[in-house]
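The values are calculated or read from the model by the stated rules, or taken from the named source; none is laboratory data. From a predicted model like this one, the values you see are computed outputs, not experimental measurements. FYI the Cβ positions are ideal-geometry reconstructions off the backbone, even for glycines, and counts take in every protein chain you see. To get the accessible areas, we keep the full protein, side chains included, count just its heavy atoms, and leave off ligands, DNA and RNA. Shrake-Rupley method; radii C 1.70, N 1.55, O 1.52, S 1.80 Å.
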Amino acid sequence: MTPFDYQRAADAAGAVAAGVRGGAKYLGGGTNLVDLMRETIERPDCLVDVSCLSGGIDETPDGGLQIGAGVTNAAVAADRRVRERYPLLAQAILSGASAQIRNMATVGGNILQRTRCGYFYDDAARCNKRRPGDGCDAVDGFNRNHAILGASPACVATHPSDMCVALAALDAMVTVEGPAGPRQVPLIGLHRLPGDTPQIETVLEPGALITAVTLPPNGISARSRYRKVRDRSSYAFALVSVAAGLEMEGDTVKDVRLALGGVAHKPWRALAAEAALRGRLLTDAALQGAAEAELSPARGLRDNVFKIDLARRVIVDSLSSLAQAREIVR
Amino acid sequence: MRWTINGAEVDETVDVRTSLLDLLRERLHLFGAKKGCDQGACGACTVLVDGRRINSCLALAVQYQGREIVTIEGLGAPGALHPLQKAFVEHDGFQCGYCTPGQICSAVAMASELRDGAPSYVTEDLTAETIDVTPEEVRERMSGNLCRCGAYNGIVDALTETYAPAAEADKREAA
């Protein structure tokens with residue numbers, strides 16, 4: 001680990017004043033950043049500890065919830081309001097990492113965690129995220145865990161979060177404090193696709209600090225489910241995950257939410273599939289067509305072609321079991 | 001920098017790069033928490049902070065100033081074993097023993113999460129007031145602690161007997 005200064009922020013404005021300096025990084029739970037610093041992949045010269053800021057979960061006037069960026073992943077998943085109104089989010093968080101890590105990791109840090117691509121972690125490999133213009137050893141390397149949607153020749157890494165996949169499906173808004181004051185960014189617009197600048201992972205400007213995530217009310221809570229397919233039954237990153245929610249009117253889809261994890265450089269909101277289903281009768285053919293609409297641009301690499309079929313099957317099965325499930329009355 | 005460790009006030013000057021694990025082992029010579037992977041994957045370094053389990057290898061000691069830290073040394077001692085330590089002995093919950101301090105710290109926190117009604121990924125009803133301590137729940141909740149000897153069956157038995165004695169008795173009766 002290279003040397004750094006440590007300071008504990010007293011408030012968001014103070015954090016941003018310190019964080020906007022080049023070389024500074026915000027420290028949440030540290031579960032990803034400390035690991036990357038130990039590997040010298042991250043080399044901040046100052047850590048601004050923001051883990052004690054923004055620690056509450058509050059009701060919003062429209063009946064939603066606002067979750068502070070410093071709340072731990074464990075505390076979000078255990079919150080009774082989250083479990084009742086946003087079970088998708090609780091399930092997604094509980095499917096990720098281990099109990100120990102969920103106790104440390106914050107909401108803000110989960111959103112801004114970096115890819116677990118092995119070549120990103122291996123300083124002897126070429127990686128355009130670590131050294132822009134270097135090339136990508138994953139494209140022709142071991143890429144079983146890599147992206148099938150929205151990738152580029154410069155980068156085929158995936159965003160590893162489960163929580164963000166649920167947030168994408170739930171239309172979450174992210175509150176950002178920055179040098180120019182506070183603003184709101186939709187979660188689905190926060191992460192970028194790699195293009196030819198995969199080192200720039202979000203639309204946030206240097207020094208911007210995530211302070212909260214807001215969940216609007218929705219009609220899908222009673223029929224929603226996060227499903228994660230992985231190589232082990234617990235404590236592994238997703239090969240493919242699906243956050244799905246349905247609101248039905250008879251046999252017709254009134255609202256549908258679908259987001260995919262493990263398939264792209266960002267949490268992937270499946271807008272094409274949603275558009276193919278909204279207002280339609282929920283038949284097997286409609287489900288197959290919706291999955292096809294989303295996955296027709298998908299491209300496999302040497303080791304991950306299986307993900308395309310896997311994603312198709314998990315989408316279809318998730319939505320059809322939600323449609324058949326008796327509505328959970330809470 | 002100051003911490004409360006196993007009930008005692010501790011005052012040490014350390015480099016800000018020092019992990020909580022290195023503080024415990026290298027400075028304070030509390031060798032219970034182990035350095036397995038040093039990257040949060042194995043759980044051998046698990047300790048309790050304000051009653052909650054964390055990976056001390058991923059924690060910077062500086063960030064945990066003022067917090068209450070408990071290691072395996074604070075849970076039991078030779079001649080005064082924690083009930084879970086006795087259960088591990090009784091059920092062969094270890095072979096080499098390297099992962100055991102982390103397993104036991106983790107399990108103590110798991111029990112309090114269950115008492116609080118916190119669900120896991122395998123909990124069917126997320127809004128249930130109480131959650132049964134089933135082997136499936138235990139395996140999911142303990143997945144952050146690896147045992148390379150593969151003593152998992154013994155570990156699950158030790159935890160189930162300690163935290164759900166009725167269920168364990170039923171199982172024995174059925175057998």
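In table form, for the structure just shown:
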quantity: ³J(HN,Hα), Karplus 6.51/-1.76/1.60, whole Hz, each residue of region A:270-279, x for Gly, Pro; calculated: 8, 5, 5, 5, 4, 4, 6, 10, 4, x
quantity: Distance from region A:231-259 to region A:302-317 (C-alpha centre basis), Å; calculated: 14 Å
quantity: Packing-based ranking, highest mean first, of A:174-183, A:257-266 given that Cβ atoms within 10 Å are counted; calculated: A:257-266, A:174-183
quantity: Normalised convex hull volume, region A:5-48, alpha-carbon set, Å³ per residue; calculated: 62 Å³
quantity: Principal-axis tilt of helix A:306-324 within chain A, Cα atoms, nearest 10 degrees; calculated: 60 degrees
quantity: Dmax and Rg, reported as Rg then Dmax, of region A:1-154 (C-alpha, Å); calculated: 17.8, 52
quantity: Shielding by other protein chains, B:38-44, mean Cβ within 10 Å; calculated: 4
quantity: Surface per residue (accessible, 1.4 Å probe) for region A:32-148, Å²; calculated: 34 Å²
quantity: Angstrom value of the Kirkwood radius, inverse mean 1/r, which spans all Cα pairs in the protein assembly as shown; calculated: 23.7 Å
quantity: Mean residue ellipticity (222 nm) of chain B, computed from DSSP H runs ≥ 4 via -39,500 (n - 2.57), nearest 500; calculated: -9500 deg cm²/dmol
quantity: For region B:2-75: span of alpha carbons on each principal axis (Å, largest first); calculated: 29, 28, 20
quantity: Radius of gyration and maximum dimension Dmax of region B:83-174, Cα, Å; calculated: 12.8, 39
quantity: With Cα atoms, 0 to 90° folded angle of helix B:152-163 axis to chain B main axis; calculated: 80 degrees
quantity: Rh (Kirkwood; distinct C-alpha pairs) - region A:88-218, Å; calculated: 15.9 Å
quantity: Inter-chain Cβ neighbour average for residues B:51-61, partner chain, 10 Å; calculated: 6
quantity: Accessible area per residue in Å² at 1.4 Å probe, computed on region B:72-114; calculated: 43 Å²
quantity: Heavy-atom accessible surface that B and A bury in contact, both chains counted, 1.4 Å, Å² to 100; calculated: 3100 Å²
quantity: Rg/Rg_globular for region A:143-261, with Rg_globular taken as 2.2 N^0.38 Å and Rg from C-alpha atoms; calculated: 1.20
quantity: Carbon/sulfur fraction of accessible area - the protein assembly as shown, other protein chains in place, 1.4 Å, %; calculated: 51 percent
quantity: Within chain B, percent of DSSP bridges classed antiparallel, to nearest 5; calculated: 85 percent
quantity: For chain B, convex hull of alpha carbons as volume per residue, Å³; calculated: 125 Å³
quantity: Highest-fluctuation residue, B:71, B:100, B:130 considered, GNM on chain B with Cα pairs under 10 Å; calculated: B:130
quantity: Rounded tilt (10° steps) of A:284-295 against the dominant C-alpha axis of chain A; calculated: 30 degrees
quantity: Rough spin-label spacing in nm, given labels placed 7 Å along Cα→Cβ, for residue A:199 and residue A:321; calculated: 4.3 nm
quantity: Of all DSSP beta bridges in region B:2-75, antiparallel share, percent nearest 5; calculated: 85 percent
quantity: Chain A: most fluctuating residue of A:110, A:73, A:218 per GNM, C-alpha cutoff 10 Å; calculated: A:218
quantity: Rg(Cα) / (2.2 N^0.38 Å) computed for region A:59-143, rounded to two decimals; calculated: 1.47
quantity: Partner chain coverage, peptide A:86-99 - average Cβ within 10 angstrom; calculated: 5
quantity: Directionally averaged projected area (convex hull, Cα atoms, region A:222-324), nm²; calculated: 6.5 nm²
quantity: Compactness of region A:74-113 - radius of gyration and Dmax, Cα, Å; calculated: 9.7, 27
